[in-house]
Amino acid sequence: MATKAVHLDIVGDLSADSFIAALKRLAARRGVPKTLFCDNGTNFVGARRTLNEFARLLKTQQAKDQVVRSCSADGIQFQFIPPRTPHFGGIWEAAVKSLKNHLRRTVGNANLTAEQMSTFFAQAEACLNSRPLTPISNNPDDLDVLTPGHFLVHRPLIAIPKPSYEEIATNRLSQWQMIQEYLRPLWKRWSTEYLSGLQQRTRWTHERDNIRIGTMVLVKEDNLPPQKWRIGRVIEIFPGKDGHVRIIKLRTPDGVYTRAITRQPAQDSQ
């Protein structure tokens, strides 16, 4: 809830058994959760009933070995939102909704195998969890940022470099190359929407503070590969005659650039 890190998984159907299987995969990869906030779907309610019965079974067993005691102690608390109120779960529904909308536009009705779909979803999950949250330090020379990936794998999620197949005909692409071509437009659509959402749109009646030297910014850049974000620190500002800063000079890992603040959608004063 604090970092809004996303975990995506595929289930065969909306049954309680499929949800329990997905929950086991989540626990195996991320650790056993203490609390789950859920919709009031029938599959979630049925899963809670099944898990409660299993927990009671473990408690009634007479075995005293450490494994059984450890499993019975790992209880999971379910928190359900009211029925037919999906807006109560807006903090997790927002991330899922944005991905589902772009998923329909990119993959659409493509006939993918379970392995191909799992690969695509894992890469899409990495894209969502690579977004910058805040600078790691206040050092003006430090260009590292904290991402949801740091809370999952303790380091940023970096994609394996791969070429673009945009200019190659679709019928000449292999299955693996096709998956990459599905991911490329999804990343472009989602990252553009995400950066646009960070852009401050204030009325002319509200004056915004000038950007300051040392501020870390997220620069809007076209045609960046998946999981690649342009980060920079402001090293010089150029105020106009009215005192408002509209041009800045940035230090990035690739060099020093001069940009207009309209191409800088997000900033953090730390």
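Side notes on the structure shown:
- When only alpha carbons are used to place a centre, the range 109-188 and the range 2-30 end up 20 Å from one another.
- With every protein chain in place and a 1.4 angstrom probe, the accessible-area ranking of 256, 45, 245, largest first, reads 256, 45, 245.
- Cβ-derived FRET efficiency at R0 30 Å, residue 97 paired with residue 224, nearest 0.05: 0.80
- Residue-level accessible surface for residue 257, protein heavy atoms, 1.4 Å, Å²: 100 Å²
- Heavy atoms of residue 209: accessible area, 1.4 Å probe, square angstrom to 10: 130 Å²
- Accessible surface, the range 129-202, averaged per residue in Å² (probe 1.4 Å): 64 Å²
- Pairwise FRET efficiency - residue 32 versus residue 247, Cβ, R0 = 41 Å, nearest 0.05: 0.20
- Gained length - residue 136 relative to residue 235, 0.36 nm times residue gap less alpha-carbon distance: 33.9 nm
- Ranked from largest to smallest solvent-accessible area, with a 1.4 Å probe on the protein heavy atoms, 119, 252 come out as 119, 252.
- Computed over protein heavy atoms with a 1.4 Å probe, the carbon and sulfur contribution to the accessible area of the range 102-258 reaches 51%.
The values are calculated or read from the model by the stated rules, or taken from the named source; none is laboratory data. The structure presented is a predicted model; accordingly, all values stated were derived computationally and were not measured. So basically every Cβ, Gly included, is an ideal-geometry build from the backbone, and we count neighbours across all protein chains shown. Note: areas computed on protein heavy atoms with side chains; ligands, DNA, RNA excluded. Shrake-Rupley method; radii C 1.70, N 1.55, O 1.52, S 1.80 Å.
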